Amino acid sequence: MIAFQKYTPGSSPEWVGTANFTRVLDDPEFTAAWRNTLTFTLLALLIGFAVPFVLALVLNELRHAKAFFRVVVYLPVMIPPVVSALLWKWFYDPGAGLANEALRFLHLPTSDWTNGTDTALVSLVIVATWANMGGTVLIYLAALQSIPGELYEAAELDGAGLLQRIRHVTIPQTRFVILMLMLLQIIATMQVFTEPFVITGGGPENATVTVLYLIYKYAFLYNDFGGACALSVMLLLLLGAFSAVYLRLTRSEGDT
C-alpha cells in the first residue's frame, strides 16, 4: 500500500511504515487544511442546508409557474463545476467584479471576497451552495409534496399559523429526508476541491486549503505519493464513519 511506502515517479517503492503519516501530521498545512475543511463543512450546513429547505417551502406554496422556477433553481447544477467556479471567480473580482460593482451602486463598502483571509472561505461556501442546491431543493420538494394535506388542514383547524405548521407538521414529516441529506452534505463538503483549486488556489495564506486540495498538492506538486495516500487514508476513515451512520439509518428506516 503506497500510504506505507516512499514512492516517487521513476523510483522503486520503499517500505517506510508509518513515516508518511508522521510527516503529514507534522506538516503545518495539515492543521490548516483540516481546520478549513471542517469550517467549510460547518458553514455549508448553516448556509447550504437551510437555503434549499426554505426554497423548497416557497416552491411548494407556489400556485403558478412551478415548472419554470424548478428549472431556474436546478439550472446551476447543469453548469459544469469548473465553468461555475470560473464564473464566480470573475464575479468576486475585487476590481471590476459584479459583486463589488453592485455594492458600489448601492453605496455600500466593497469586500475583498476571495482575496481576504477572513472572507475567502465564506465566499467559497456561497459558490458551493449556489452550484449544488438545485438537486437538494427538488428532493425536499418531493418530500414536501408527499405530506398528506389532511395534516395541514387539521393544524389550521387547531389555529396553527405558518411557522407552527412548519414546526409541527412539515419538519416532523420530513425529518428522515432532512437527516439523510445532512449526512450526505457532510460527506460531500468534506471533499471540496473544485472551488479552492479554481478560484483561490488554496490562498490567501492557506485560508482555503482543504484536505482534498492538500492531497492534490502532495501528489502533483510535491511528487510525494506516499504522503498523499496517507492523507487520503485519514480522510477515507472519517468519511467511512459518516457513511456507516448513513447506511445504518437508511437500513433502520427501511426495516420500519
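Out of the residues in segment 113-151 that are closer than 26 Å to Thr208 by Cα and out of contact with any helix residue (DSSP H, G or I) (no Cβ under 8 Å at 6 or more places or on another chain), which is least open to solvent (accessible area, probe 1.4 Å)?
Gly116
Just one of Ala230, Ala160, Ala207 is touching a residue at least 24 places away in the same chain (Cβ under 8 Å), assigned to a loop (DSSP other than H, G, I, E, B) and of a type in the set (A, V, I, L, M, F, W, C); which is it?
Ala207
For Ile186, state whether it is under 19 Å from Leu45 (Cβ atoms), aliphatic (A, V, I, L, M) and over 21 Å from the mean Cα position of the chain (by Cα).
So Ile186 does not fit the description; no.
Determine the pairs where a residue that is without any contact (Cβ under 8 Å) to a residue 60 or more places away in the chain, located within segment 103-126, has a partner that is among the basic types (Lys, Arg) with Cβ atoms under 7 Å apart, the partner being 6 or more residues away or on another chain.
The qualifying pairs are Thr110/Arg104.
Go through (1) buried (at least 18 other Cβ atoms within 10 Å of the Cβ); (2) within 30 Å of Tyr92 (Cα to Cα); (3) under 21 Å from the mean Cα position of the chain (by Cα) and name the single condition Pro204 misses.
Failing condition for Pro204: (1).
The rows are residues; the columns are (1) within 28 Å of Val58 (Cβ to Cβ); (2) in contact with a His (Cβ under 8 Å, 6 or more places away or on another chain); (3) charged (D, E, K, R); (4) assigned to a helix (DSSP H, G or I).
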site	(1), (2), (3), (4)
Glu150	yes, no, yes, yes
Ala155	yes, yes, no, yes
Val177	yes, no, no, yes
Met180	yes, no, no, yes
Gln185	yes, no, no, yes
Val192	yes, no, no, no
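Looking only at segment 97-148, count how many residues are farther than 30 Å from Gln164 by Cβ, polar (S, T, N, Q) and in a helix (DSSP H, G or I).
So the answer is 5.
Those residues that are of a type in the set (A, V, I, L, M) and closer than 21 Å to Ile79 by Cβ, I need them from segment 192-211; list them, please.
Those that are of a type in the set (A, V, I, L, M) and closer than 21 Å to Ile79 by Cβ: Val192, Val198, Ile199.
Restricting to segment 236-252, give me the number of residues that are open to solvent by 50 Å² or more (accessible area, probe 1.4 Å), small (Gly, Ala, Ser) and closer than 22 Å to Ala3 by Cα.
1
Which ones in segment 79-112 are open to solvent by less than 50 Å² (accessible area, probe 1.4 Å) and closer than 18 Å to Ala44 by Cβ?
Result: Ser84, Ala85, Trp88, Tyr92.
Checking Ile215 against (1) crowded, with 18+ Cβ neighbours inside 10 Å; (2) in a loop (DSSP other than H, G, I, E, B); (3) without any contact (Cβ under 8 Å) to a residue 24 or more places away in the chain; (4) among the hydrophobic types (A, V, I, L, M, F, W, C), which single condition isn't satisfied?
Only one criterion is unmet by Ile215, namely (2).
Residue under question is Val169, and the condition is that it be buried (at least 21 other Cβ atoms within 10 Å of the Cβ) and either aromatic (Phe, Trp, Tyr) or on the phi < 0 side of the Ramachandran plot (or both); does it hold?
Spelling it out, it is not the case that Val169 is buried (at least 21 other Cβ atoms within 10 Å of the Cβ) and either aromatic (Phe, Trp, Tyr) or on the phi < 0 side of the Ramachandran plot (or both).
Find the residue count for segment 181-191, including only residues that are in contact (Cβ under 8 Å) with a residue 60 or more places away in the chain and open to solvent by 10 Å² or more (accessible area, probe 1.4 Å).
7
The values are calculated or read from the model by the stated rules, or taken from the named source; none is laboratory data. This one's a predicted model, so the numbers in the text were calculated from it and none came from an experiment. Because the Cβ atoms are built from the backbone with ideal geometry, glycine has one as well, and the counts that use them run over all protein chains shown. The protein model used for the area step is the full one, side chains on, heavy atoms only, and it has no ligands, DNA or RNA in it. Shrake-Rupley method; radii C 1.70, N 1.55, O 1.52, S 1.80 Å.
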